[in-house]
Structures are given as C-alpha cells and as structure tokens.
Amino acid sequence: MATVTVNGETTDITAEETIGAFLERSGYDRSKVATAINGLFVSRRDYDNRTLKDGDEIDIVAPMQGG
Amino acid sequence: MGSALYPSPDVMRDAIEAAGAELVTVALRRQSPQQASGSRFWELIRELNVRVLPNTAGCRTVKEAVATAQMARELFETNWIKLEVIGDDYTLQPDTAALVEAADILIKEGFEVLPYTTEDLITAQKLIDAGCRVVMPWGSYIGSGRGLVNKFALQTLRARLPDATLIVDAGLGKPSEAAHAMELGFDAVLVNSAIALSADPPTMAEAFANAVEAGRAGYEAGLMSPRDMASPSTPTLGTPFWHAGT
C-alpha cells in the first residue's frame, strides 16, 4: 500500500499501480482528462509506464470555462 | 472572447456567436470522475467551430504555467496557449520576469505563446525576442472594467512594435473602450467580464463587435492630429458682416 494525493485529497493506492490503472479504477475517461504528477505533466502515452509512488501528488484536470 | 461567468451555457454560446469571435479562451481545472461538466462544456465549445485558446490562469510559477500549458495542449489539441503567470493576488498583475522565462521554455517546446502582460515595453520586447508573435497587454486589471488606464503606454507599444500582433487582453468594460484600443492600432481585443456580466450578453457581444469594426476602420482611415486651439470647420472666406481689423 502507498498513499498519494489526488487533486488535494489523500488516497490509498495498491502497490505498483500505474497512473493509467489508477485513472481507470477511479472512473476517469483517460481521453477526457490531463494529468500532472508532482507538478510535472504526464502525457497519455506514458500512463501505462508511470508507476505511482508513495507521496506522489497527482493533479487530474478537465476543460473548464476561462477568460 | 472569454467563455467564463455567463449566466448559462446557452447564453455563452449565443454571445460568442453574436460577437463573431475568432478565438475563445478556455481553462483547465481539477475534476473528479463523477463530474461531467468539463466534457459537456468542451462539447459545446467544439460545436461553435471557433479556435480555442487555453489559458494558464491561476498559475504563479514558471513550473505551474509550463505544466498547465502541456496539459492544455494534450486536452484541447492545440499548441496555442494564453500564458498567464500571476505575481499578485489582488491585482492579478503578471510576474513579467517569470512570464518571459515560461514563454521561452514553451516556445522551444513548439507552443504558439500568447502572453498576458502589462503595458511595459521592455517586457513586450523580451517576449518577442523569445519568439512570441502576439503580445497581450492589459488595459486594466482583469475583470475590473476600468478600460484603458495607460493609453499613452499602449500607444508607445504600437509605435515601437509595429510588426507584432497586439491584443488588449484585460480590463475592458465598455464597447467604446474596445473601439479606442482599435483606434490606437491594436489588432484585436480580448473581452470576457464586460460581456458575460452585462444584462444581455449576446447584445453586448454584438456591441463590442461593432465597436471593434468601427475602431479598426478609424485607425485604417488615419486619425487627424489633435490641435490645441479651435480651428473653424466652416470656411471663413465670405463671412457676412466681416470687417478687416475688427
């Protein structure tokens, strides 16, 4: 087990889970969000390679109105 | 034109169509899997068939702005980015040193960077040197509706940067202020609050569009130079009751 922060909320994850697996397990459509881990962008093509680590801070964003 | 603060998505769509806007700004925000508002909004924007300009609103550091731009590129499928790096929470004044640094990084990564900046000439020159083809100085604080606070500096930007595309980005409150920006020789204006917070956004959007057209035509026609004293427009020759020396 490891603990990560997702959009500011603390969550437990299974060991060796990739960001791609985490997104799917959490109900995100990976084609409709973008992510960053510890403030660095993670491209969709890396979702199945990037394994989450204890203490990772994950941001998951979607389109929104803006000025 | 901005896509935020409208009373409803339908009003936003009607206002964007009424303005005939060529570029619509959008943003990124954290979202939980239960929320579908992001994809609904994105579908609505896509149906409008306009070019989108994602922003990095809320970013305070170079690292945040660069990561946000990279996320926006993937999500909105465009390499255009409205680059904002904010230095002060109360005025939302750009941190111009960080802005230039972030612009430099993003341009090297293939982005078309449209930076939101102040009216400072040297910052604008540095942004152009970094590779920005567009510079977007504020008229006044974002959302303040105070118009063009420093017209003289905006005029200087136009005079010193004749080849850059210049867009007044923030602070416009009235259509007349958009016309004024265009009369100064700016290439476009970016408006959100003044339209979205009006009583009738589609009508206000059309008013802004008309003002932009009028201001641009005025600039192209060549404005007369101001004079210090009156100069009669009616011919003086043949004025009745005129006597030499009286």
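Angle between the Cα long axis of helix B:62-76 and the longest principal axis of chain B, 0 to 90 degrees, nearest 10?
80 degrees
Give the cross-link partners of A:K53 among the aspartates and glutamates, using a straight C-alpha distance below 20 Å as the criterion and excluding same-chain residues fewer than 8 apart.
A:E9, A:D12, A:E16, A:E17, A:E24
Output ³J(HN,Hα) for region B:144-154: one whole-Hz value per residue in order, computed from phi by the Karplus curve 6.51 cos²θ - 1.76 cosθ + 1.60 with θ = phi - 60°, and x for Gly and Pro.
Residue by residue, region B:144-154 yields 8, x, 9, x, 8, 6, 10, 5, 4, 5, 5 Hz.
Quick query: amide H of B:L53 versus all other amide H atoms, modeled in the peptide plane; which residues come in under 5 Å with a sequence gap of 5 or more or a different chain?
Amide H neighbours of B:L53, under 5 Å, 5+ apart: B:V24, B:T25, B:V26.
Taking the highest mean first, how do the peptides B:1-7, B:222-228 order by number of other beta carbon atoms within 10 angstrom per residue?
Averaged packing, sorted descending, gives the order B:1-7, B:222-228.
Nearest 10 degrees, 0 to 90: what angle lies between the long axis of helix B:201-221 and the longest principal axis of chain B (Cα atoms)?
Computed tilt is about 50 degrees.
Using a cut-off of 13 Å between beta-carbons, work out the net charge of the residues near B:Y116 (Lys and Arg +1, Asp and Glu -1, B:Y116 not included).
-4
DSSP loop GluC sites (Glu not before Pro) in region B:1-60 with at most 15 other Cβ atoms within 10 Å of their Cβ, which ones?
Loop-located and lightly packed - B:E22.
Taking Cα centroids, how far is region B:17-60 from region B:198-246 in Å?
Taking the Cα centre of region B:198-246 as reference, the centre of region B:17-60 is 39 Å away.
Can you give the charge dipole size of chain B about its Cα centre, rounded to the nearest 20 debye, using +1 on the beta carbon of Lys and Arg and -1 on the beta carbon of Asp and Glu?
180 debye
On a C-alpha basis, how far is the centre of region B:107-127 from the centre of region A:6-65 in Å? Whole number, if you could?
31 Å
So how tilted is helix B:37-48 from the main axis of chain B? Cα-based, degrees 0 to 90, rounded to 10.
50 degrees
Give a quick list of chymotrypsin sites (Phe, Trp or Tyr not before Pro) in region B:188-246 that DSSP marks as loop, anything other than H, G, I, E or B, with at most 14 other Cβ atoms within 10 Å.
B:F241, B:W242
Would you mind ranking B:E119, A:E57 by Cβ crowding within 10 Å, fewest neighbours first?
A:E57, B:E119
How are the Cα pair distances of chain B distributed, in percent, across 5 Å bins from 0?
Bin by bin from 0 Å, the calculated values are 1, 6, 13, 16, 17, 16, 11, 6, 3, 2, 2, 2, 1, 1, 1, 0, 0, 0.
Would you work out the charge dipole size for the protein assembly as shown about its Cα centre, treating the Cβ of every Lys and Arg as +1 and the Cβ of every Asp and Glu as -1, and quote it to the nearest 20 debye?
540 debye
Would you be so kind as to identify which of A:T5, A:I37, A:A15 lies farthest towards the positive end of the dipole of region A:1-47, taking Lys and Arg as +1 and Asp and Glu as -1 on Cβ and the Cα centre as origin?
Of the candidates, A:I37 comes out farthest on the positive side.
Principal axis lengths of region A:2-61 from Cα atoms, whole Å, largest first?
Rounded to whole Å, the extents work out to 25, 20, 19 Å.
List the residues whose amide H sits under 5 Å from the amide H of B:G87, counting only those 5 or more places along or on another chain, with H placed 1.01 Å from N in the peptide plane.
Placed amide hydrogens put B:Q93, B:D95 under 5 Å from B:G87.
Can you find, among B:A188, B:L172, B:T236, the residue farthest towards the positive end of the dipole of the protein assembly as shown? Put +1 on the C-beta of Lys and Arg, -1 on that of Asp and Glu.
B:T236
Report the semi-axes of the equivalent ellipsoid for region B:5-146 in whole Å, largest first, where each axis is √(5λ) for an eigenvalue λ of the Cα gyration tensor.
25, 17, 15
So what are the three principal axis dimensions of the protein assembly as shown from its Cα atoms, in whole Å, longest to shortest?
Result, largest extent first: 103, 40, 31 Å.
I'd like the Karplus ³J(HN,Hα) series for region A:21-27: coefficients 6.51, -1.76, 1.60, θ = phi - 60°, whole numbers in Hz, and an x wherever there's a Gly or Pro.
Whole-Hz 3J(HN,Hα) from phi for region A:21-27: 5, 4, 4, 5, 4, 8, x.
Dipole magnitude of chain A about its Cα centre, charges +1 at Lys/Arg Cβ and -1 at Asp/Glu Cβ only, in debye to the nearest 20?
320 debye
For region B:91-100, just list the computed ³J(HN,Hα) in residue order, Karplus coefficients 6.51, -1.76 and 1.60, θ = phi - 60°, integers in Hz, with x standing in for Gly and Pro.
Taking θ as phi minus 60°, the curve returns 9, 6, 5, x, 7, 5, 5, 5, 4, 5 Hz for region B:91-100.
Just want to confirm a number: the relative contact order over chain B, from Cα pairs under 8 angstrom separated by 6+ residues, in percent.
That works out to 17 percent.
Give the aspartates and glutamates reachable from B:K126 as a straight Cα distance under 20 Å; neighbours fewer than 8 places away on the same chain don't count.
Filter leaves B:E84, B:D95, B:E101, B:D104, B:E109, B:E112, B:D163, B:D169, B:D187.
Would you compute, from DSSP H runs of 4+ residues alone, the mean residue ellipticity of the protein assembly as shown at 222 nm, taking -39500 (n - 2.57) per run and dividing by the full residue count, rounded to the nearest 500?
-11000 deg cm²/dmol
No value in this document is a laboratory result; all are computed from the given coordinates. Worth saying up front: this structure is predicted, and the values here are computed from it rather than measured. Every residue, glycine among them, receives a Cβ derived from its backbone with ideal geometry; neighbour counts consider all protein chains shown.
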